[in-house]
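Participant: Take a look at the following structure, please.
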Amino acid sequence: MYTIGQVAGFLGVSRDTLKYYEEKGLVNPKHDIENGYRKYNQYDIHDVITTNFYREIDIEIKKIQEIRQSKSNVNLECILEEKEAKIVEEIEYREHLLKKIKAVKDDWNKIQEHLGRFTVKEMQPIKVIGEITDYTAYNEYEIIRNNTENVKKAVTLTSARRVIYFDEEGILEDKFIIVKNVEDTDENHEVEVLVHPKCIYTVLENGRAVDSGKNIDYEVGEKLLKIAEDHGYELVGLTYINILLTTYVDGLERVFLEMYSPIK
């Protein structure tokens, strides 16, 4: 037999918790007739261990009381299956958060490597899910929520692309599309898939901390045309722009953009 202090010590619970379990009828140690001290036997200790487990998976005290009073294990099985489903969902969500963290770290590395520089690389195939009229068309963000993997409390723009069509005279048109990466298992051939094996790729900085909010489209366009001319590339006449990361200087945004400009 063990005292309440001993049980609290080797199970890592407080005396108050053990008394609370007793009050709720979840453990029933014997009380010494002479001094009133609680005496826990092996079954009492097992009750504490089991109750701790149920509490660890967030089963309410009332539910634990029902489990103890039930003559059938069916009720317990249903409760455990429900908790299992919730935990699996939470694990999947946490794994998604880890993927998001890795993606942001990868974007930061892109900024360090490519900011202000250019290279020629492939734009990985992406499928077009839909369009929005602008990044600032917040009432249209439902399409982003519905068609991309976002965290629960935030909308991310990693699935949004601005597409600019241009010629030597300047910008002809632009639009904003919502995309997903193409997976090997994708079998939906009804959506448009964008494939560009050879692009001028660069990362540039925009935002109020840099340009006070002015439009830099033409400045960027002229730079792309010059890069193409200097290196003998022939541009297709469109550019895909993706927001990599937003940071701040004195409360003003520094927005880092990656750009893919397909070449023939």
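Participant: Can you name the condition, by its number, that Ile45 falls short on among (1) touching a helix residue (DSSP H, G or I) at 6+ places or on another chain (Cβ under 9 Å); (2) aliphatic (A, V, I, L, M); (3) farther than 29 Å from Met1 by Cβ?
Facilitator: Result: Ile45 fails condition (3) only.
Participant: Something else now. Can you tell me which residue among Glu66, Glu77, Glu22 is at pLDDT 90 or above, acidic (Asp, Glu) and outside any loop (DSSP other than H, G, I, E, B)?
Facilitator: Answer to the selection: Glu22.
Participant: Of the residues Asp58, Asp44, only one is among the acidic types (Asp, Glu), surrounded by 15 or more Cβ atoms within 10 Å (Cβ to Cβ) and either touching a Lys or Arg at 6+ places or on another chain (Cβ under 6 Å) or not in a strand (DSSP E or B) (or both); which? Break it down into steps so the answer makes sense when it comes.
Facilitator: Working: Asp58 fails: surrounded by 15 or more Cβ atoms within 10 Å (Cβ to Cβ).
The match here is Asp44.
Participant: Kindly provide the set of residues from the range 223-236 that are in a helix (DSSP H, G or I) and either of a type in the set (A, V, I, L, M) or touching a Phe, Trp or Tyr at 6+ places or on another chain (Cβ under 6 Å) (or both), ordered by number.
Facilitator: In the first step, residues of the range 223-236 are kept if they are in a helix (DSSP H, G or I); the result is 223-231.
Answer for the range 223-236, where residues must be in a helix (DSSP H, G or I) and either of a type in the set (A, V, I, L, M) or touching a Phe, Trp or Tyr at 6+ places or on another chain (Cβ under 6 Å) (or both): Leu224, Leu225, Ile227, Ala228.
Participant: Out of all the residues in the range 237-264, which are more than 21 Å from the chain's Cα centre (by Cα) and either among the charged types (D, E, K, R) or not in a strand (DSSP E or B) (or both)? I'd like the intermediate steps shown before the answer.
Facilitator: Applying the first criterion (more than 21 Å from the chain's Cα centre (by Cα)) to the range 237-264 yields 237-241, 248-254, 259-264.
Within the range 237-264, Gly237, Asp250, Gly251, Glu253, Arg254, Lys264 qualify.
The values are calculated or read from the model by the stated rules, or taken from the named source; none is laboratory data. What you see is a predicted model, and the numbers here were worked out from it, not measured in a lab. Ideal geometry is used to build each Cβ from the backbone, glycine not excepted, and the neighbour counts take in all protein chains shown.
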